[in-house]
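Notes to accompany the following structure.
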Amino acid sequence: MSQRGLLIVLSGPSGVGKGTVRKALFESEETSYEYSISMTTRQMRKGEIEGIDYFFRSKEEFQALIEQDKMLEYAEYVGNYYGTPLDYVNQTLDEGKDVFLEIEVQGAMKVKEKMPDGVFIFLTPPDFSALKSRIIGRGTDDMDVIKERLAMARTEIDMMRHYDYAVVNDEVPLAVERIKKIIESEHYRVQNVIDCYEEMLKEM
């Protein structure tokens, strides 16, 4: 019996450490998810690699993909576009592989509209002061952008109510283990396996 893969969506406020947790998760030998790389129009940061951290594209290229309806979701965030290619996600799920998305909150809500059966995980900071320290500590943005990110983070945290799970990122290894347990349990949810058994019953 072949089971369609799970769509796993990890998001949370800017500066919460989504990228750090995702990288640690995928460095684990137990991880077998397919990571769906997001596309963005923002500038590449030091240490980032094309095709690994993001697909970096111009605004014109990104807008052309939107017009062709080739994005699962997209959002404009602090002056830049972020989005997820649609065809790759569906093809990988049909192959029985879990697809892991690390995206912004706006994008996650659009994914939920199109694929409500996904597993939506919200990564939270231990408290707001910790989040503020992380955003300022990046050293990659000027003060105007930092203020904008902090204001946006307040709005994003309020969106937690639309997710299935909330995971505190107090320590990265602990956050990774919590996410693994969530995904493992989702594979045993009846609604995710019932189609396979209905096919078995037809053959009996």
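The values are calculated or read from the model by the stated rules, or taken from the named source; none is laboratory data. As the structure is a prediction and not an experimental result, all values here were calculated from the model. Cβ sites come from the backbone with ideal geometry, for glycine too, and all protein chains shown count toward neighbours. Note: areas computed on protein heavy atoms with side chains; ligands, DNA, RNA excluded. Shrake-Rupley method; radii C 1.70, N 1.55, O 1.52, S 1.80 Å.
Here are the numbers for the structure shown:
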read-out	value
Number of positions in segment 52-73 that are under 16 Å from the mean Cα position of the chain (by Cα) and either over 19 Å from Asn90 (Cβ atoms) or at pLDDT 95 or above (or both)	3
Residue match in segment 93-101 (condition: small (Gly, Ala, Ser), within 30 Å of Cys196 (Cα to Cα) and outside any loop (DSSP other than H, G, I, E, B))	no
Condition broken by Ala175, with the remaining ones in (1) at pLDDT below 95; (2) small (Gly, Ala, Ser); (3) in contact with a strand residue (DSSP E or B) (Cβ under 8 Å, 6 or more places away or on another chain) satisfied	(1)
Helices (runs of 4 or more DSSP H) completely within segment 111-204 that count 3 or more residues being open to solvent by 30 Å² or more (accessible area, probe 1.4 Å) and farther than 23 Å from Asp98 by Cβ	128-137, 143-158, 190-203
Considering residues of segment 30-47 that are among the charged types (D, E, K, R) and over 20 Å from Glu76 (Cα atoms) only, the residue most open to solvent (accessible area, probe 1.4 Å)	Lys46
Which numbered condition Val16 misses (of (1) open to solvent by less than 30 Å² (accessible area, probe 1.4 Å); (2) at pLDDT 90 or above)	(2)
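Residues checked against (1) open to solvent by 70 Å² or more (accessible area, probe 1.4 Å); (2) of a type outside the set (D, E, K, R); (3) in the same structural domain as Glu104 (by the TED database); (4) without any contact (Cβ under 8 Å) to a residue 40 or more places away in the chain:
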position	(1), (2), (3), (4)
Arg4	yes, no, yes, no
Val9	no, yes, yes, no
Arg22	no, no, yes, no
Leu25	no, yes, yes, no
Ser28	no, yes, yes, no
Glu50	yes, no, no, yes
